[in-house]
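Read the structure below first, then the notes.
The values are calculated or read from the model by the stated rules, or taken from the named source; none is laboratory data. Values in this document were obtained by computation on a predicted structure and should not be read as measured data. Here the Cβ positions follow ideal geometry from the backbone for every residue, glycine too, while neighbour counts run over all protein chains shown.
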Amino acid sequence: MADPAPAPPWRTTDWLNTDAPLSLERLRGKVVMVHAFQMLCPGCVSRGLPQAARVAELFAGAPLVVVGLHTVFEHHDAMRLPSLRAFLHEYRVKFPIGVDAPGIDGDPIPQTMRAYAMQGTPTTVLIDAAGRRRRQVFGAHEDLVLGAELQTLLLEASLDAGVERAADDGARGCDDGGCAVEPRG
């Protein structure tokens, strides 16, 4: 994606496994991996959720947040909040989970799912530290590819943070041509 667009805001009704609702604004400065799932989706249960849990564990301490999005577009009656709570407990899902807001005017597609034009579940969305959607994958996301993409976004974030620190540490005279360091002495 050459010129990534800002990721749409999440529209949720509830949050689990977190003390406060999460938003992209609140997570600015961190890489965000969103795992959109349904608890009755076989691919989500067998591949997507375990992968998201591994990412959350392997990247603990990094400026990366894994966020689940329970986005129900079928079997609505079977996938209500009490069932989701039990599911997360039984499968030991510990990362934050937002519940996608129902579609508007009877639309069976939840609001965040619609805003991101998701094709179904599981869907993985990668959002960079500036809040831009950088990648979206429907279906299984290969572990090595996902790891490389996350590491690239983390490296970009650290380089951007380094540039900001350098600017705070004496860079002056910045324009479109570059930034000159003020001589000391």
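Values as computed for the structure displayed
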read-out	value
Output for segment 136-166, where each listed residue is in a helix (DSSP H, G or I) and modelled with pLDDT under 90	Ser158, Leu159, Asp160, Ala161, Gly162, Val163, Glu164, Arg165, Ala166
Scope segment 2-13; condition at pLDDT 95 or above, part of a strand (DSSP E or B) and within 15 Å of the chain's Cα centre (by Cα); matching residues	Thr12
Residues satisfying the stated conditions in segment 18-37, i.e. assigned to a strand (DSSP E or B) and either touching a Phe, Trp or Tyr at 6+ places or on another chain (Cβ under 7 Å) or not hydrophobic (A, V, I, L, M, F, W, C) (or both)	His35
Residue that is over 14 Å from the mean Cα position of the chain (by Cα) and either loosely packed, with under 14 Cβ neighbours inside 10 Å or β-branched (Val, Ile, Thr) (or both), where the choices are Leu16, Leu81, Leu40	Leu81
Residue match in segment 39-53 (condition: outside any helix (DSSP H, G or I) and in contact (Cβ under 8 Å) with a residue 40 or more places away in the chain)	yes
Residue within segment 96-117 that is in a loop (DSSP other than H, G, I, E, B), free of Cβ contacts under 8 Å to residues at least 60 places away in the same chain and at positive phi present	yes
Per-region count, segment 76-95, residues part of a helix (DSSP H, G or I) and either touching a residue at least 60 places away in the same chain (Cβ under 8 Å) or not acidic (Asp, Glu) (or both)	11
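Yes/no per residue for (1) among the acidic types (Asp, Glu); (2) touching an Asp or Glu at 6+ places or on another chain (Cβ under 9 Å):
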| position | (1), (2) |
| --- | --- |
| Asp107 | yes, no |
| Gly131 | no, yes |
| Gln136 | no, no |
| Val145 | no, no |
| Ala157 | no, yes |
